[in-house]
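Notes to accompany the following structure.
The values are calculated or read from the model by the stated rules, or taken from the named source; none is laboratory data. All values derive from a computational prediction rather than experimental measurement. All Cβ positions, even for glycine, are placed from backbone atoms using ideal geometry, and neighbour counts span all protein chains on display. Note: accessible area is taken over every heavy atom of the protein model, side chains too, but ligands, DNA and RNA are not part of it. Shrake-Rupley method; radii C 1.70, N 1.55, O 1.52, S 1.80 Å.
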Amino acid sequence: MQTIEVSDSNTSLSPDQAPLDTFVRRHIGSDDAQVQEMLRTCGYETLDALITATVPESIRLAKPLEIGPARGESELLAEFRQLVSKNKVFRSFIGQGYYDTITPPVILRNIFENPGWYTQYTPYQAEISQGRLEALLNFQTMITDLTALPLANASLLDEGTAAAEAMGMCVSVHEGSRKKFLVDARCHPQTIDVVKTRAKSMGIEVEIVDCRMSNVECSDVAGALVQYPTTDGAIIDYSDLADTLHKEGALLVVATDLLALTLIKPPSEFGADIAVGSAQRFGVPMGFGGPHAAFMATKTEYARKMPGRLVGISKDAQGNPAMRLTLQTREQHIRRERATSNICTAQVLLAIMASMYAVYHGPEGLKKIATRVNKLTSILYNSLQDAGYGVHDCHINWQGKYFDTIVVPCGRNGIDETIHSAEALSLNLRRLDEKRISITLDETTTIEDVKALAGLFGAPVLDQKFWSSLGFERTSTFLQHPVFNSYHTEHEMLRYIKRLESKDLSLCHSMIPLGSCTMKLNATSEMIPVTWPEIGRMHPFAPADQWEGYAAMFTQLEAWLAEITGFAATWLQPNAGSQGEYAGLLMISAYHESRGDSHRNICLIPTSAHGTNPASAVIAGFKVVPVACDNEGNINLDDLRAKAIKHKDQLAALMITYPSTHGVFEETVREACQIIHDAGGQVYMDGANMNAQVGLTSPGMIGADVCHLNLHKTFCIPHGGGGP
């Protein structure tokens, strides 16, 4: 694994030789006069004096961070371009929930690359968020129409998380009386892993089964999860399973594909109670795995159990229609330690991109894209079948129904030889097992790609008119609302996007009056690489030798973050702050378990904490005990000490935010950490306010053991109305 070489050349340059396009010069808006006015107002002569008075001396760093010199923006972009050029962007036919896609240029330029869309804060304040809320309402409508379920939320974090949330819903519907959940073996492997991890912390038993079998036992289960189409491409009618589950009072969860649903029966028509999935292939680049907007749809009777947000239409004081964001009564901000989910955000920017993809193409355009994908898949299928490859025989009880994925036996050439031959042509295939590969086509696939794929097996491509039907066709209509049937030319789409943009407050207009912990630098230069193909077109399961540029970036970033936080190591995986909290708490749980202290399950949380803290603790399997705060919001040390002593034998963790939610650097923070350590617990720090620590102190210096950082808070990832 390679690392970035950090040059120290700038450190020896004189001021007139140093780069002029530095971030400090171009992006820190305050000049000397404004700084002096602030200091006079606060009663200090210098910034150092203000910091000394604000940040306790006991937690101040003794030396500057060792992360290299500042760069000019142009220099940084040139270096980063050189770094990511080490990535090899092959044509991906891996599938497994991630697909190459074409982002319409009108959406790419006017939403994805537009600060009028990517800099806004979460749309809690409806009157300055009407544009985004309408776009999210379009997203919800798109999901309800394609799944044919009546209710959808305003997006979730990723497909695996959405499936885990659906499992939690099934258990919640049964009020916890059923703690068993079935998962079909032909779900995407990463989804199965996420569900199993979530189930363990929530005390749910997961059983991996073949849901096609008639003898599946459902009498004591809360629900079952299936993939539709399956991870190996089969389209299966789950009507019998749905009937069996419903007779036993259980729910059917279907993880599905939005593009396939334009052609095949929607989940509700064979009995699904909940549908989940990813909207990635609707114009959102793969980006080496995300972030992407997931979705969840369900029946109306489960509205109170559904995680996340809902956008609805209300009326303003003058009786005019207006969008509003509905936080369900089960939302963790209200229920806290009684929450059934810790999700507090949504992938707003990416959900908007996916909804605009549907608006731009409309129902007929989406069907044409899907039909083309299916036709090319059929050409490949029939060509290989005719060449004697027994593609049909690879699927037990398959009945020849597929959308974009086929499975090929490799007994003739050997699986390694086939995959290596493909890689020699810059094509990536999926190793399904030791005898079979799967091939998934997408919107970007051409007939030349099909010829190259068939050629790997020595199969001539048959007449393009020879293709099979899906055999499970959709007959119901979808996307009939005028918004999906009005903007199919670029100038119409451009005007619609701009009309919505003009209804929002973003950093294009002013500072944003909400979310001080979230607002940070959204420099254009930081956004430019997101759309480079070396970044955006990389499949998350591509072979490691194809993403050396990513690996080098990860290595350097992990080192920098370890230096900034004062910790031994960092991990870059979670897709939201809520998931960072969850992962960190699972780490603390695993630490205690490794020491034979698996009985430690008490998590102390100040009453001033953000609502996700107690919700995350519950989802991670802890019992929450509140800690009192004084009139100014500071942790009451006497109460903390008393509860640490009371629960000493079961104490697992304390969760704190620093500076506190009230923006105060509490003087007693190290003492609070020591109280917990003396009682055998660990300290989890919510990194929401990490902006105020960088370079001055660190979680490690303070005494924390684990901390999550939100990239859209301390660093440069755009919030876009709900960032990763």
Original post:
Taking region 92-129, which residues are in contact with a Lys or Arg (Cβ under 9 Å, 6 or more places away or on another chain) and outside any loop (DSSP other than H, G, I, E, B)?
Top reply: Ser92, Asn110, Gly116, Trp117, Ala126, Ile128, Ser129
Subject >> Output for region 319-329, where each listed residue is open to solvent by less than 30 Å² (accessible area, probe 1.4 Å), under 27 Å from Val171 (Cα atoms) and not in a loop (DSSP other than H, G, I, E, B) >> reply: Leu325
**OP:** Count, please, the residues in region 40-52 that happen to be surrounded by 13 or more Cβ atoms within 10 Å (Cβ to Cβ) and free of Cβ contacts under 8 Å to residues at least 12 places away in the same chain.
**Re:** 4
Original post:
Phe181 fails exactly one of the following numbered conditions: (1) crowded, with 24+ Cβ neighbours inside 10 Å; (2) within 23 Å of Ser438 (Cβ to Cβ); (3) without any contact (Cβ under 8 Å) to a residue 60 or more places away in the chain. What is the number of that condition?
Top reply: (2)
Subject >> Lone unmet requirement of (1) open to solvent by less than 80 Å² (accessible area, probe 1.4 Å); (2) closer than 30 Å to Thr444 by Cβ for Pro105 >> reply: (1)
Subject >> Residues (touching a His at 6+ places or on another chain (Cβ under 6 Å) and within 11 Å of Ala354 (Cβ to Cβ)) located in region 272-289 >> reply: Ser278, Gln280, Val284
Original post:
Within the bounds of region 586-600, is there any residue that is under 20 Å from Ile343 (Cβ atoms) and surrounded by fewer than 23 Cβ atoms within 10 Å (Cβ to Cβ)?
Top reply: yes
Original post:
Out of all the residues in region 353-363, is one or more modelled with pLDDT under 80, part of a helix (DSSP H, G or I), out of contact with any Pro (no Cβ under 8 Å at 6 or more places or on another chain) and of a type in the set (Val, Ile, Thr)?
Top reply: no
**OP:** Take Cys211 and decide whether it is open to solvent by less than 10 Å² (accessible area, probe 1.4 Å), in a loop (DSSP other than H, G, I, E, B) and free of Cβ contacts under 8 Å to residues at least 40 places away in the same chain.
**Re:** yes
Subject >> Candidate set: region 184-202, residues that are part of a helix (DSSP H, G or I) and among the basic types (Lys, Arg); chosen: the one least open to solvent (accessible area, probe 1.4 Å) >> reply: Arg198
Subject >> Residue satisfying all of: in region 256-303; surrounded by fewer than 24 Cβ atoms within 10 Å (Cβ to Cβ) and at positive phi; farthest from the chain's Cα centre (by Cα) among these >> reply: Gly271
Subject >> The listed residue being within 30 Å of Tyr99 (Cα to Cα), in contact (Cβ under 8 Å) with a residue 40 or more places away in the chain and among the aromatic types (Phe, Trp, Tyr), out of Phe567, Phe541 >> reply: Phe541
**OP:** Determine the pairs where a residue that is farther than 14 Å from Ile143 by Cβ, located within region 479-490, has a partner that is assigned to a loop (DSSP other than H, G, I, E, B) and at pLDDT 95 or above with Cβ atoms under 8 Å apart, the partner being 6 or more residues away or on another chain.
**Re:** Asn485/Leu479
Original post:
Residues Arg178, Arg132: which one is touching a strand residue (DSSP E or B) at 6+ places or on another chain (Cβ under 9 Å) and not in a helix (DSSP H, G or I)?
Top reply: Arg178
Original post:
If Pro540 passes every condition in (1) in contact with a helix residue (DSSP H, G or I) (Cβ under 6 Å, 6 or more places away or on another chain); (2) at pLDDT below 90 but one, which one does it miss?
Top reply: (2)
**OP:** Name the strands (runs of 3 or more DSSP E) wholly inside region 245-318 in which the number of residues that are out of contact with any Pro (no Cβ under 7 Å at 6 or more places or on another chain), touching a residue at least 12 places away in the same chain (Cβ under 8 Å) and within 29 Å of Asn110 (Cβ to Cβ) is 1 or more.
**Re:** 274-278, 294-298, 309-315
